[in-house]
Amino acid sequence: GENVEQHPSTLSVQEGDSAVIKCTYSDSASNYFPWYKQELGKGPQLIIDIRSNVGEKKDQRIAVTLNKTAKHFSLHITETQPEDSAVYFCAAFTSGTYKYIFGTGTRLKVLA
Amino acid sequence: KAGVTQTPRYLIKTRGQQVTLSCSPISGHRSVSWYQQTPGQGLQFLFEYFSETQRNKGNFPGRFSGRQFSNSRSEMNVSTLELGDSALYLCASSSRPVDAANEKLFFGSGTQLSVL
């Protein structure tokens, strides 16, 4: 079945450094890839997304890249701040089954 | 604009009981999706409702069911609870069905269910 693998499961970075989270999807029909940030006690919040006809998208300190050939997409956070500490989820929308398949999450800790 | 509201925030039940969770979507949103979140498993899709009709469902046993009312509010029911049902249950709303041009999901804060 459809699957999204996400790595790493935990990531610690020093404040000001960059963080990269990677996801790999299995269904070649996937065409939309959102990223969610979940803070403690809250539901996931959409932070950035990318569609399959775009290779890269940037929003201030956050960027997402997509390699359709390799079925990889990544989240890049630059100049990390303590408030970036949270669990991040990637997801792939599969047009065949009309479902979002989520990765297992990455717990990011930004050390002050 | 109020966000997605889920009630209650916390529930403690014992094995064999049943439970009903409630979700009120963002005003104007007609699609409600339910997800189960467990540590290490990420978010697992349960089902999606649009205009009171179930449009899609995940791979969960029949003990998990849901419905949507005419005001778009949705309820999820789990019967004969098992220990493994302990999880955070998340509801997400969108303005159109999920299959409509990659509609974005807006999540509530979830209901934390503990089964003892």
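Return a yes/no flag: does the stretch A:6-14 have any residue that is exposed (fewer than 14 other Cβ atoms within 10 Å of the Cβ), more than 12 Å from the chain's Cα centre (by Cα) and over 29 Å from B:Cys91 (Cβ atoms).
Yes, the stretch A:6-14 has at least one match.
Suppose the filter is more than 11 Å from the chain's Cα centre (by Cα) and crowded, with 21+ Cβ neighbours inside 10 Å; does B:Ser72 pass it?
Yes, satisfied.
Condition first: at pLDDT 95 or above and over 19 Å from A:Thr94 (Cα atoms). Now tell me which residues in the stretch B:53-69 satisfy that. Give the derivation first.
Kept after step one, since they are at pLDDT 95 or above, are these residues of the stretch B:53-69: B:60-69.
B:Pro61, B:Gly62, B:Arg63, B:Phe64, B:Ser65, B:Gly66, B:Arg67, B:Gln68, B:Phe69, listed by residue number.
To keep it simple, each residue is scored yes or no on (1) surrounded by 13 or more Cβ atoms within 10 Å (Cβ to Cβ); (2) within 13 Å of the chain's Cα centre (by Cα); (3) among the acidic types (Asp, Glu).
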position: A:Lys42; (1), (2), (3): yes, no, no
position: A:Ile62; (1), (2), (3): yes, yes, no
position: A:Ala70; (1), (2), (3): no, no, no
position: A:Ile77; (1), (2), (3): yes, yes, no
position: A:Gln81; (1), (2), (3): no, no, no
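Looking at the stretch B:92-104, is at least one residue at the interface with chain A (Cβ under 9 Å from one of its Cβ atoms), at pLDDT 95 or above, closer than 16 Å to B:Cys23 by Cβ and assigned to a loop (DSSP other than H, G, I, E, B)?
No; the residues of the stretch B:92-104 include none that is at the interface with chain A (Cβ under 9 Å from one of its Cβ atoms), at pLDDT 95 or above, closer than 16 Å to B:Cys23 by Cβ and assigned to a loop (DSSP other than H, G, I, E, B).
Are any of the residues in the stretch B:29-44 basic (Lys, Arg), over 10 Å from the mean Cα position of the chain (by Cα) and under 21 Å from B:Gly3 (Cα atoms)?
yes
The values are calculated or read from the model by the stated rules, or taken from the named source; none is laboratory data. Since we're looking at a predicted model, the values are computed, not measured. All Cβ positions, glycine included, derive from the backbone under ideal geometry; neighbour counts span all protein chains shown.
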